[in-house]
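A quick write-up on the structure given underneath.
The values are calculated or read from the model by the stated rules, or taken from the named source; none is laboratory data. If you're wondering where the values come from, they're calculated on a predicted model, not measured in any experiment. As a convention, Cβ positions derive from the backbone with ideal geometry for all residues, glycine included, and neighbour counts pool all protein chains shown. To get the accessible areas, we keep the full protein, side chains included, count just its heavy atoms, and leave off ligands, DNA and RNA. Shrake-Rupley method; radii C 1.70, N 1.55, O 1.52, S 1.80 Å.
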Amino acid sequence: MTDETLLSVGIDLGTSTTQLVFSRLHVKNRAAAFTIPQMEIAEKEILYKSDIHFTPLLDDSTIHGSGVREIVAEEYRKAGISLADVDTGAVIITGETARKENAEAVLAELSSFAGDFVVATAGPHLESILAGKGSGAEEYSREHRCTLLHFDIGGGTTNMVLYQNGEIYSTGCLNIGGRLVKVNDGVIVYISPVLDGLTDLQVGQKVTEAELLPLCKTLVNALEDMVIGAGETIPLSLRTTALMKLPEKIDVLSFSGGVADFIYTDSQEDAFRYGDIGVLLGRTIAKSRLYSAKTIRPTETIRATVVGAGSHSTQLSGSTISYDGVEFPLKNLPVLALSEEEQSHLSDAIRKKRAWFSSPPAIFFPGWKNPSFEQISHVAEEILASAGDMSPLVIAVGADMGKALGQALVARGQKGLVCVDSLSMGSGAYLDIGPPVAGGAVLPVVIKTLIFEK
Amino acid sequence: MDKTELRSLVEELLRDLQPSAKPSAPNKEVRENFHDGILPDITAEDLREQYLVADPHNKDAFMALKRKTPARVGVGRAGARYRTTTMLRFRADHAAAQDSVFSLVGENFYKDNHFPFVKTMCKDKDEYLTRPDLGRRFSPESQSIIRNLYPTPPKILLVIGDGLSSAAVEANAVDCMKAIRQGLGSIPLGETLFVQFCRVGASDHLGEITGAEIVCMLVGERPGLVTAESMSCYITYKPYPGIPESKRTVISNIHRQGTPAVEAGAHIATLLLTMLEKKASGIDLGRMQE
């Protein structure tokens, strides 16, 4: 089978900046000769990185939707890429921007504007995961077999992810970023509500670098407390998510996001040249206990999240799967996830949980390694008894059994079916499935993790 | 040093080298594992999960590497040699490989599953191993049994052959064949033929005898030390004796640690449907799909 490429776009609509990247994903057969093909995304090559634009806002609570669209359209033009060229990708709306009133509408519009199978994503946990992948922190942890805590410090939030030997251990987010305070001509023009009670500074007040330092120290202290396991002392208003769980020992720290550039390299230029406290925050971190011999600089800093969205959001299903009578893409399917315990009484578990969903969910269960034919038949019966009315019926399994199960469902008269395998997802995730690639052998999928549980 | 001193020194050394007077009791571990006269089955342990290095620098990292390979690495050592466990396991796996070559597929395998039985011209395992040519042909009696089973040329003739591993066939063939039949849906299929002393090339004579459009054969692979249970599927479009090997499609590595039998069966079914449509197998089919 010949190798194939997918053109993927990533768009990051952040608190302070909007960016875009185009990547080429190389799909290759990794299986040995004379065995069943095993398609994988073997290589990710970044083709184009956009300029870094300020995210256009109408006011403090509204995104300038058409302004964002113009930026994206202009970058497509500059890259020489048309919408029809784009196979896959993700738009992520991050940090404070995700909390704007029209965030959801802008996100939905932008994802359909950017390409047929460009999915809309948001959420602090997913953002942490994409930044960790996009920065190269995940790879560092895998290659060096170490425990690594990565911070992606943007305008409004700090997304954290902890890796052990390249595997995600936990994720979390704090309301710490470079644009919590905006300064114009030496006067404070904005203070984020998350800082209420943490500073005496007032909007309209003239301010110097020295006067902003105590606030920066407060924010950096919160990050330090996180690392040393004293997270409980972090003020509630600074917590975006529940405190992340951390292991006893952390070997390496790394930073990405706009603020990271001022941690690793500081040009000593005007601290207020971006009209916010980002530079000062970076400098404060560089002088803190967070910056030590254990700190590494990842491959991507300010572009970590957008590279994550562009190059790392799409994955491939297993290579022996079934689908029939379904129009792709399937977008935004909520995931009904079952545990190993629950899958042993599958139909009861599905019946009980499907009532929680307002739209038909994709059903995920771990499956069985090397199942017998009778087991497959039984599973098919159980699924049809509890979810046979769904159309399309979307099943995702962990173990390599998707094609056999799909054929068992079709043999029992199921019309409109997708049955994919070799995937892993949890409750609260959303699933997008794109049109088939590699001669129809595999389906590209994007799994949007909203809650991370280990 | 005078003579007496030297003598006492040598005596002392010799005393140290003597085995202690009382033979030592078997150690605790051995005693605990040995009850009712049955030793634990050392082949039951998954080698990918077995790590025998004492005081490893980073066990987790090594285990992550081990999960990617069936190779016997991270086994530690005793002096310059393998430890006893490693040595015994190696010999046990080798014995399992030999057994599966030399043993026959049990009678109840084909009787219970109602697979009609025929054998090639080999009269026993020894002849099968030494005369590959006989493992590809059927005697006139066997030919007439086969003709009676398939009076009209089947579209797809499904065959299970013992090949070089009876263990592989017993472990995978039934589940795999059921999945193939399920995936083929409405295509009329005759009975699944079981062939004893079967080489892949028997497909060709079967094609000639029955006039089948496709012969699809599940057959035990020559066992190795990783598994004795690996099965292959050979598919030939319009086979005849002397057909080039390049016209066969093969799916190998069907076993519990490779492609699961049912999933392989589902894949094979789709492949068979493609072959019926394209009227080709082997590299002919590959060329059409490029």
Result for interface chain A to chain B, accessible surface buried in total, 1.4 Å probe, Å² to 100, stands at 2100
Counting only DSSP loop positions in the stretch A:184-292, the trypsin sites (Lys or Arg not before Pro) whose Cβ has at most 15 other Cβ atoms within 10 Å are A:Lys245, A:Lys249, A:Arg273, A:Arg289
Given unit charges at Cβ for Lys, Arg (+) and Asp, Glu (-), the dipole magnitude of the protein assembly as shown about its Cα centre in debye, nearest 20, is 1540
Given pairs A:Lys245/A:Lys352; A:Lys217/A:Lys287; A:Lys28/B:Lys247 and cut-off 19 Å on Cα-Cα distance, the over-length ones are A:Lys245/A:Lys352; A:Lys28/B:Lys247
Largest-first ranking of B:Phe90, A:Phe365, A:Phe262 by accessible area, probe 1.4 Å, whole protein assembly kept, is B:Phe90, A:Phe262, A:Phe365
A 1.4 Å probe over the protein heavy atoms gives chain A a carbon and sulfur accessible-area percentage of 49
Of every hundred units of 1.4 Å-probe accessible area on the stretch B:60-217, the number belonging to carbon and sulfur atoms, as a percent, is 53
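Just the number please: accessible area per residue for the protein assembly as shown, 1.4 Å probe, all protein chains included, in Å².
Accessible surface, normalised per residue, equals 47 Å².
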Along the dipole axis of the protein assembly as shown (charges at Cβ: +1 for Lys and Arg, -1 for Asp and Glu; origin at the Cα centre), the most positive-end residue among A:Val27, B:Leu276, A:Leu330 is B:Leu276
Expressed in square angstrom to the nearest 10, the accessible area of A:Glu374 with a 1.4 Å probe stands at 100
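Given DSSP loops and a limit of at most 15 other Cβ atoms within 10 Å, what is the longest stretch of chain B that contains no such trypsin sites (Lys or Arg not before Pro)?
Working: sites that count: B:Arg67, B:Lys68, B:Arg77, B:Arg83, B:Lys123, B:Lys155, B:Arg256, B:Lys279.
Longest stretch, sites excluded: B:156-255.
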Once all protein chains are kept in place, A:Asp3 shows an accessible area at probe 1.4 Å, nearest 10 Å², of 90
The distance between the Cα centres of the stretch A:410-454 and the stretch B:257-290, in whole Å, is 23
Measure of exposure for A:Asp266: accessible area at 1.4 Å probe, Å² rounded to 10, is 50
Candidate cut points under GluC sites (Glu not before Pro) in the stretch B:176-284, DSSP loop plus at most 14 other Cβ atoms within 10 Å of their own Cβ, are B:Glu191
Once normalised by the length of the stretch A:317-450, the mean sequence separation of its alpha carbon contacts under 8 Å that are 6 or more apart gives a contact order in percent of 37
Judged on accessible area alone, 1.4 Å probe, highest first, A:Asp251, B:Asp126, B:Asp2 line up as B:Asp126, B:Asp2, A:Asp251
Low-density loop chymotrypsin sites (Phe, Trp or Tyr not before Pro), the stretch A:26-120, at most 16 other Cβ within 10 Å, DSSP non-H/G/I/E/B, are A:Phe34
From the cross-link list B:Lys155/B:Lys238; A:Lys44/A:Lys133; A:Lys249/A:Lys294; B:Lys155/B:Lys279; A:Lys403/B:Lys111, the entries with a Cα-Cα span beyond 19 Å are A:Lys403/B:Lys111
